[in-house]
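Have a look at the structure below, then the notes.
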Amino acid sequence: MKYVGGCHCGEVRFEIEAPDALEVVSCNCSICNKTGFLHLILPLSRFKLLQGKQAITTYTFNTGVAKHTFCKHCGVKPFYTPRSNPDGIDINVRCLDNPPASLNITPFDGVHWEDNAAELAHLSDEAGV
């Protein structure tokens, strides 16, 4: 199924291909907890930036592997490159225009990220989608 989404001001727009029923992750790490990011990790091939490349800015911290992308205008982070899946893309389900009414949300202990990151590795694998 195709889903379309974007940032708050509409400068950044994207499209993804994902199952009808979404399996998403709610992380309790410091950045996810403060921003309310609800994770849908996909292979990069399932993502298409429709507009707004010039409106995106990037923030990194700690190891620098994760590339947190934000709209320069409204500050919303609709997607990013996750440290757990640097070959994939992580979509904020809350930034989809029409997310499914029912989501299966799995908690993830990101406070202890090093101990748990392997649980997410399969999510950007083409064969796993």
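Bear in mind that the values in this text are calculations on the coordinates, not laboratory data. The shown structure was predicted, so the numbers you read here are calculated from the model rather than taken from an experiment. No Cβ is skipped: glycine too gets one built from the backbone with ideal geometry, and neighbour counts run over all protein chains shown.
Near ARG13, within a Cβ-to-Cβ distance under 10 Å, what is the net charge of the other residues, with Lys and Arg +1 and Asp and Glu -1? It works out to a net charge of -2.
With N the number of residues in the chain, Rg(Cα) / (2.2 N^0.38 Å) evaluates to 0.98. The HN-Hα couplings worked out from phi for the range 27-33 by the Karplus form 6.51 cos²θ - 1.76 cosθ + 1.60 (θ = phi - 60°) are 9, 9, 5, 4, 6, 5, 4 Hz, whole numbers, x standing for Gly and Pro.
If one computes P(r) from the Cα atoms of the range 60-129, what percent of pairs lie at distances over 19 Å? That fraction is 44 percent. Would you mind counting up the charge near ALA121? Only other residues with Cβ under 12 Å from its Cβ, with Lys and Arg at +1 and Asp and Glu at -1. Once all neighbours under 12 Å are counted, the net charge is -2. Across the chain, the relative contact order, built from alpha-carbon pairs under 8 Å that are at least six residues apart, equals 32 percent.
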